[in-house]
Amino acid sequence: MGSSYKHGHQFDLFLSYSTRDVSWVRQFYDDLLADINRFAGIDVYPFLDKARLQPGHVWNEEILTSVADSAILVPVFSPRFFESEYCQKEVIEFLGAHKVNSNTLVSGIGNRSQIVPIKLLCAAPSDHVLTKVQAQAFYAERDGIPYEYSGGSPEYRDALRRTAYAIAQTIEALPPKLRRPAVYLASDFKPHSDKLRASLAHCFDVLPENPAELLGLSHEDLEKSLTQDFEKCFVSVHVLSDVPLVKTLMELQLEFGRKSSKPRLAWTPGAASPEDLANTGFECNFLNQADVEDRIRRIYEKPAQSKPGNDRLVYFICPDRENKTLAERLISALEDVGINTFPSPVDGPADQALQAHVKALDELDGCLIYYGAVDRDWFDATFLRLRKTIRKRNLPSAIYPAPPQTEHKLQDLRHCGVPLLDQATEEQAARAFAVLMSQA
């Protein structure tokens, strides 16, 4: 279930408040909904944590995901609200999801904001991001002491009607939300899947919206649901672990992944990916969630195209995060000529990284070593360990000697038996590697 309005968010409004104000908020919430529905053409679908969270929900992620997918934010200003770190996190999450900052707090509809603050005993501090948004006061002062409007009082009813009318007008006038790119996440219903879903939801629509509902579908309805969702997504991510209760669902999702012409990733947290997956087009060997997200981002930003690289997957070996940042331009140039890169691990023990390198070279279609700002010991230890595998598989491979230039890079590498990409620019190097791949 979700909102019936055209704005496209799941919830029409999200009420953000300090739990220390819950006694006042509970009645305000009920009264506000009744008045909004009086003014609106269709009943609104709100989010209030006490009403929506069910047993078993991961409340922290559920709340932040919900505030990001709400059309309007209704923060209840009080001294406790501004002291609450979590309330501020909800505000930041809403602003980020709606790509709003302190200079663009209005929606463009009659200068209305998608944030409708309620002043309960205090206004926003002068340095707060919401200080520029007009708030509706629900308090007055008597002898210099603020007090809340009591429910049912004339002042309360008047302020309530003003707030409800403004929200109803804004909800009805909001334009349709631009559809975000969609990722299919085949969950294994464990915490790492929930964390990946919550993180991906910042940038993408994650399907299916409610994975648990798939478990109750008939086989026919399940196939229909998977067909519809896979068609909407530009990539599928399959999180695999030993969960007997959902094994049938996970296998069916893998089968849909195999049939799909779109990229598919397989992540087995804490274990090696099944060997047969790489042979059926799945990208594997992800060491952690960050690797999975980085690959999804690259697929989205530069969709694979059929070019000289023949859309094959090349293992990109990089010594550390600093060099990986420096290598961004080369990676982009490779993707421009149709060569997808699978990044090597850049954290953890060296022996573990070398084991990952060897396994990746057994499964991927090429190898490119980025030899940048790192000492020669790293290159020797890495290359000498991998050269046997490269030669055994006759794997198309190359070395990119990035700055700083050394005698080893300029002279000695020419005799190591692997081509050098020492062209003047990254773009030229990428085209040379594409030719190398096409000849393999």
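The values are calculated or read from the model by the stated rules, or taken from the named source; none is laboratory data. Remember, it's a predicted structure, so these values are computed and weren't measured experimentally. All Cβ positions, even for glycine, are placed from backbone atoms using ideal geometry, and neighbour counts span all protein chains on display. Areas reflect the complete protein model, heavy atoms only, side chains present, ligands, DNA and RNA absent. Shrake-Rupley method; radii C 1.70, N 1.55, O 1.52, S 1.80 Å.
Per-residue counts of other Cβ atoms within 10 Å, averaged by peptide: what ranking do you get for 192-201, 226-235, 372-381, highest first?
Listed from highest to lowest mean packing, they are 192-201, 226-235, 372-381.
Is the shape of the stretch 330-426 best called rounded, prolate or oblate, per the rule: a/c under 1.5 gives rounded, else a/b larger than b/c gives prolate, else oblate, with a ≥ b ≥ c the square roots of the Cα gyration tensor eigenvalues?
Since a/c stays below 1.5, the shape of the stretch 330-426 is classed as rounded.
Using a Gaussian network model of the chain with C-alpha springs under 10 Å, which one of Asn394, Asn340, Asn285 is most mobile by mean-square fluctuation?
Comparing Asn394, Asn340, Asn285 in the GNM, the peak value goes to Asn394.
Leaving out ligands and nucleic acids, and using a 1.4 Å probe, what accessible area per residue does the chain come to in Å²?
Normalised by residue count, the accessible surface of the chain is 50 Å².
What distance in nm separates the two pseudo spin-label positions at Arg26 and Arg38, each 7 Å out from Cα along the beta-carbon direction?
Label at Arg26, label at Arg38, 2.3 nm between them.
Once the Cβ-Cβ distance between Cys416 and Tyr147 is put in as r, and R0 is 56 Å, what FRET efficiency do you end up with, to the nearest 0.05?
The pair Cys416/Tyr147 has a calculated efficiency of 0.10.
Considering only protein heavy atoms, what is the solvent-accessible area of His9 at a probe of 1.4 Å, reported in Å² to the nearest 10?
Approximately 20 Å² of His9 is accessible to the 1.4 Å probe.
For the chain, how big is the tail of P(r) above 41 Å, as a whole percent of Cα pairs?
35
For the chain, build the charge dipole from Cβ charges (+1 Lys, Arg; -1 Asp, Glu) around the Cα centre, then report which of Pro419, Phe234, Tyr5 sits farthest towards its positive end.
Highest projection toward the positive end goes to Pro419.
In the chain, what percent of the accessible surface is made up of carbon and sulfur (1.4 Å probe, ligands and nucleic acids excluded)?
Looking at the chain in its full context, I get 49 percent from C and S.
Sort 161-174, 248-261 by packing, meaning the average of other beta carbons within 10 Å per residue, with the highest value first.
161-174, 248-261
Taking the simple approach of a point 7 Å from Cα along Cα-to-Cβ for both Gln134 and Gln228, what is their distance in nm?
Placing both labels 7 Å beyond Cα along the Cβ direction yields 4.1 nm.
I need the shape label for the stretch 316-382. Rule: rounded when a/c is under 1.5, else prolate if a/b > b/c, else oblate, with a, b, c from the alpha carbon gyration tensor.
Cα axes put the stretch 316-382 in the oblate bin.
Considering amide H positions built from the backbone, and no H for Pro or chain starts, which residues 5 or more places from Ile72, or on another chain, come under 5 Å of its amide H?
Those lying under 5 Å, H to H, from Ile72 are Leu13, Phe14.
What is the ratio of the Cα radius of gyration of the stretch 202-303 to 2.2 N^0.38 Å, with N the residue count, to two decimals?
1.06
With Cβ to Cβ distances under 13 Å as the rule, what net charge do the other residues near Ala164 carry (K, R +1; D, E -1)?
The answer is -3.
Choose one of Thr163, Leu436, Ile145: the residue whose Cα lies farthest towards the positive end of the charge dipole of the chain (beta-carbon charges +1 Lys, Arg; -1 Asp, Glu; about the Cα centre).
Leu436
Have a look at the stretch 1-41 and give its Rg and Dmax from the Cα atoms, expressed in angstrom.
12.3, 34
Listed here are the pairs Lys89/Lys324; Lys6/Lys259; Lys195/Lys247; Lys247/Lys388; Lys259/Lys359; which of them are more than 28 Å apart at the Cα?
Cα-Cα > 28 Å for Lys89/Lys324; Lys6/Lys259; Lys247/Lys388; rest within.
Antiparallel DSSP bridges in the chain: what percent, to the nearest 5?
Within the chain, antiparallel bridges account for around 10 percent of the total.
Based on the alpha-carbon set only, what is the convex hull volume of the stretch 114-234 divided per residue, in Å³?
Expressed per residue, the convex hull around the Cα atoms of the stretch 114-234 is 207 Å³.
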